[in-house]
């Protein structure tokens with residue numbers, strides 16, 4: 001058996017999960033020339049096997065319950081997705097408000113509201129690493145804790 005072709009390698013990667021164009025190019029880089037790789041990726045796009053917009057929508061849908069908009073944007077940018085596609089994916093897939101998502105993430109991790117400055121800072125850092133905006137974090141940590149939630 002010979003070495004798999006560039007096209008076969010691309011198909012194998014895409015069969016496992018969606019990939020952005022940049023991810024797929026990076027994974028195929030050591031197996032062919034740049035122009036050849038771009039041609040294979042373009043063909044995968046023509047066939048509907050690779051789509052950056054679909055990738056962005058799936059990524060946002062799978063991660064939006066755990067992460068804030070800032071982190072989602074950063075992660076998608078690192079994966080080579082265009083800003084317009086990121087905006088579209090966030091608009092269509094983030095049905096819950098940013099505040100509701102932050103509240104859900106916070107309540108999932110911390111059962112009690114912060115009572116002292118040290119605990120407040122700990123919870124704020126947690127939300128910040130999850131990609132929620134500082135003003136949203138302040139607003140959320142200042143609101144009274146609802147036991148029914």
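What follows draws every value from the coordinates through simple rules; no lab data is involved. These figures come from a predicted structure and were not determined experimentally. Don't worry about glycine lacking a Cβ; one is built from the backbone with ideal geometry, like all the others, and counts go over all protein chains shown.
Estimated from the Cβ-Cβ distance and a Förster radius of 41 angstrom, the FRET efficiency linking residue 34 and residue 66 is about 0.70.
Could you grab the relative contact order for region 10-75? Cα pairs under 8 Å, six or more apart, rounded to a whole percent.
34 percent
Distance between the pseudo-spin-label points of residue 91 and residue 129 (7 Å out from Cα toward the beta carbon): 3.4 nm. For an R0 of 35 angstrom, estimate the FRET efficiency from the Cβ-Cβ distance between residue 54 and residue 109 and round to the nearest 0.05. Calculated value: 0.70. The relative contact order of region 82-149 comes to 34 percent, based on Cα pairs under 8 Å that sit 6 or more residues apart.
For the chain, the longest principal axis of the C-alpha atoms and the axis of helix 117-129 are separated by about 20°. Across the chain, the mean sequence separation of Cα contacts (distance under 8 Å, 6 or more residues apart), normalised by length, yields a relative contact order of 22 percent. Note on residue 42/residue 118: beta-carbon distance plugged into 1/(1 + (r/R0)^6) with R0 of 41 Å gives a FRET efficiency of 0.15. Inter-part distance, region 1-47 to region 70-149, computed on C-alpha centroids, equals 35 Å.
Each of (i) 1.36; (ii) 1.61; (iii) 1.18 is a candidate for Cα Rg over 2.2 N^0.38 Å; the one calculated from this structure is (i).
Ranked by how many other Cβ atoms sit within 10 Å of their own Cβ, fewest first, the residues 110, 67 fall in the order 110, 67. With the cut-off at under 15 Å, measuring from each backbone N in region 26-46 to a point 7 Å along the Cα-to-Cβ line of residue 5 picks out 32-33, 36-44.
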